[in-house]
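Bear in mind these aren't lab numbers, they're just calculated from the coordinates by the rules spelled out. Quick caveat: nothing in here was measured; it's all calculated off a predicted structure. Reconstructed Cβ throughout: ideal geometry from the backbone, glycine too, with neighbour counts over all protein chains shown.
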Amino acid sequence: MTLPNFLVIGAQRAGTTLLHRILEAHPEVYVPDRRKEVHYFDWHFSRGTDWYERFFPDADQAKPFAAVGEVTPDYMFDPSVPLRISQSLPSCRFVVSLRNPVDRAYSWYLYSLRSFAEQRSIEQFFEESEETLTRGLYSQQLKRYFELFPRNSFLILILEELVQDPAINLQRLADFLNLSTGWPDPGALVRERVNASEIPRFRGAFARAQRFGEMLTRHDLDWAVRQARRMGVLKLFGTGGSRPSLPSSTRAQLQGYYRQEIGRLEDLLERNLEVWRVAERPLADDHMRASG
């Protein structure tokens, strides 16, 4: 029986798709290629460990891998997940990717335009979508984990720092996962463009296709979704033009909302997050299109 010895738990829209690509590129790391986000500890926990084990190699097949894990960014936000993990994987290690919460929220709005045919203006969206904002309250979410696991079980990566200095940050990741070597070209891995946020021309049809694909995945029909992507089905929906920018007034409101939270997170992590305060120019999704 093989179960993960590490999990990438979040945050959503903070580079977890990029991390999945980086991890699967290393010969000593196993992450499921069948499904990036397994969602066992939130959506599928009632299915039991026998179902979960199907995503991972058996004991003999796992021998070449120093690290076996999976990437599900919703694990950090769901309050029921930490206890479930502690009961199932008491020695688990955690990789956490955090992004300036203002840019994370804006990225989620762009994703909602693309995948859910969101019709509201950006101002109305943030006024009415409380969960979008609370997902950026990282300190509350991490405290739930810190109460159950030792601090040295966590590697906290800051997405902006990963982009600025991939060599140092990916070496930290390799050391944390006990890999014998790092990645030969960290810069190339970080520059890879993943999880595009273009707005499709036929947004309603695209959103329905996305929901259908999610339904198939929840019923373990991943093969059909993978086949559709390989065939380029998503390209049939076209590109609808440029994405809306984040108005400076809305950015200022979001910065005010998260100002105290960033301070609380600095205290919790004992780490300076000035990179989020001084970066008036946001980390654009265009740079590498990281998500999660």
L155's amide H: which non-local residues (gap 5+, or another chain) put their own amide H closer than 5 Å, with H modeled 1.01 Å from N in plane and none for Pro or chain starts? F94, V95, V96
Apply the Karplus parameterisation 6.51 cos²θ - 1.76 cosθ + 1.60, with θ equal to phi minus 60°, to every residue of segment 54-67 and state each ³J(HN,Hα) to the nearest whole Hz, in sequence, with x for glycine and proline. 4, 7, 10, x, 6, 4, 5, 5, 7, 4, x, 9, 6, 10
Taking other Cβ within 10 Å of each residue's Cβ, how do E37, E28 sort, fewest first? E28, E37
Karplus-derived 3J(HN,Hα) from phi for segment 138-143 (6.51 cos²θ - 1.76 cosθ + 1.60, θ = phi - 60°), whole Hz, x at Gly and Pro, runs 5, 4, 4, 6, 5, 4
The local net charge around F154, scoring Lys/Arg +1 and Asp/Glu -1 for residues other than F154 whose Cβ lies under 15 Å from its Cβ, equals +3
Using modelled amide H (1.01 Å from N, peptide plane; none on Pro or chain starts), what sits under 5 Å from the amide H of V68, excluding residues fewer than 5 places away? N5, F6, Y30
How big is D for segment 1-112, in µm² s⁻¹ as a whole number, if Stokes-Einstein is applied with the Kirkwood radius of its Cα pairs at 10 °C and 1.306 mPa s? 109 µm²/s
Charge tally in the Cβ shell below 12 Å around M1, where Lys, Arg are +1 and Asp, Glu are -1, M1 excluded: -3
Please rank I85, I9, I156, fewest neighbouring Cβ atoms within 10 Å first, as an exposure proxy. I156, I85, I9
How are the alpha carbon pair distances in segment 116-180 distributed across 5 Å bins from zero to the largest one, expressed in percent? 4, 13, 14, 14, 15, 15, 11, 10, 4, 1
Ordering of 38-50, 262-274 by burial proxy (mean other Cβ atoms within 10 Å per residue, highest first): 38-50, 262-274
Give the order of D60, D78 when sorted by the count of other beta carbons within 10 angstrom, beginning with the fewest. D60, D78
